[in-house]
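What follows is calculated from the coordinates using simple rules that are stated; it is not laboratory data. What you see is a predicted model, and the numbers here were worked out from it, not measured in a lab. Every residue, glycine as well, gets a Cβ built from its backbone with ideal geometry; the counts of neighbours run over all protein chains shown.
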Amino acid sequence: MRIFSSFLLFIMFISCYTAERDCLSFHEGVFEFETIVNNQLESSRFIRNDSIEIEYYKGEVDSAAIRWVNDCECILTKINPENNQEKRPIRMRILTTKENSYTFEYSLVGDLENTNRGTIKRIE
């Protein structure tokens, strides 16, 4: 019985832990995102203010409107989509933050089965 009580106390202690997040400090700035595409490391750079994001990727410039749902979650909607796929908004949620980076998950709105994760670094 004593082991069970200790185990229960341990589980309760762990379940109360939540990762500390300072999401507001990442609402604005210049950031870089790296990911692997077709076995090659690809990098994009973007500038974000509270309501718009301008991305630079492979010499192309793209922009998206940002609507913050809460301090750590937002919806990105391309301003000038070129096809139906680009018209679908992206849900982005910050999971953890560090001094100059954050880990996040993202998916098309309504498509939680295809959620991906990544890390973004602040460069300015």
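Among the lysines in the stretch 18-124, how many pairs, 8 or more places apart or on different chains, have alpha carbons under 21 Å apart?
5
Between Leu112 and Glu124, the simple spin-label model (points 7 angstrom out along Cα→Cβ) gives 3.7 nm.
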